[in-house]
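Let me begin by presenting the structure, written as structure tokens, before commenting on it.
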Amino acid sequence: MTEKTVYKPTNDYVFSRIFGYKKNWELLKDLLESILTDIEIKKIKLVKQYTLDKDAIKDRGAVLDVLAELNDDTTVNIEMQMKDYHNTIERSIFHDSGMFHESLIKNEDFKNAKRVIGIWILCYNIFDEGPFHEVARLKRDYGNMLLTNKMEYHYIQLPKFKEKCRRISNKLEQWLTFIINDDVEEIKMIDNEFVQKAEDELEYINADEEERMRAKFRERSEWKYHADMKSMFSAGKEEGREEGREEGKAEGIKEQNITIAKKMLEQNIDIETIIEVTGLAREEIEKLKD
């Protein structure tokens, strides 16, 4: 009997389902307090709540971030990023500066623009050096002085956290341990009622077939997009080269699909999803298990 895939909060649908629902506002507040330690959160308001159907979730362009307002003067955008497309810095600046612009009513004084904080929780590392939780702000060259506090970026790198955190010692480490969700017994020992409520919510998602379907479709669409980007990149590299290289191009794409299939197997992705994403035959995928 095939063991069911356990969907974790690193799946962006699952993350949004837990932290982006209004009934779970206390969970979001506790998570934000663990990240934004310099802000006393007196009020939190979820700006939007997602109830996407399966067709919308299949669309990789569907936005599943969590958007909230704090104390009426700060907008916080939280994104869970499953795959590295090597443009995280540029995307975060583009996305969050757009929110800064949208916070102003037409003809309103620029000084009234709300503070925008972007929180990017990443299933990959973007910096070789430094801590797992990096904060970036706009600063002057002169004296390294803060230019403004109205734009702030937080990059939380989960692989670096797993490597460096040997013992849970604060609230942020509690939440990141939950998000990675590698050891359920360790999570159940965490002394934080909100983490425990989030774990109950996660167990419900994994037990409910409709919720599992949504998580599965989201994961599948992410892998499909990832594979398509790799194939397009491979094809683009071959353009302009001499004729007669079609066979080599196809072989290169297949090798990339094999690499993707191996990574998906390592993450216990079901074979049907791997077949759909990579185009490999079931027999080929079974051989990769050996």
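The values are calculated or read from the model by the stated rules, or taken from the named source; none is laboratory data. Worth saying up front: this structure is predicted, and the values here are computed from it rather than measured. Methodologically, a virtual Cβ is constructed for each residue, glycine included, from the backbone with ideal geometry; neighbour enumeration extends over all protein chains shown. Surface areas here come from the heavy atoms of the whole protein model, side chains and all, with no ligands, DNA or RNA. Shrake-Rupley method; radii C 1.70, N 1.55, O 1.52, S 1.80 Å.
Please work out the C-alpha center-to-center distance from the range 99-138 to the range 151-178 and express it in whole Å.
If we compute the Cα centre of each part, the gap is 18 Å.
Mind scanning K83/K150; K83/K160; K4/K29 and naming the pairs with a C-alpha gap bigger than 26 Å?
K83/K150; K4/K29
Compute the FRET efficiency between V47 and Y142 as 1/(1 + (r/R0)^6), taking r as their Cβ-Cβ distance and R0 = 35 Å, and round to the nearest 0.05.
Once rounded, the FRET efficiency stands at 0.45.
Using the heavy atoms of the protein chains alone and a 1.4 angstrom probe, what is the accessible area of the range 141-183 per residue in square angstrom? Don't jump to the answer; show the numbers that get you there.
On the way: 2340 Å² over 43 residues.
Dividing the accessible area of the range 141-183 by its residue count gives 54 Å².
What whole-number distance in Å separates the alpha-carbon centres of the range 1-42 and the range 265-290?
Taking the Cα centre of each part, the range 1-42 and the range 265-290 sit 30 Å apart.
Per 0.36 nm of contour for each residue apart, how much would the distance between I89 and Y204 grow if the chain were fully extended, relative to their Cα-Cα spacing?
Between I89 and Y204, full extension yields 38.0 nm more.
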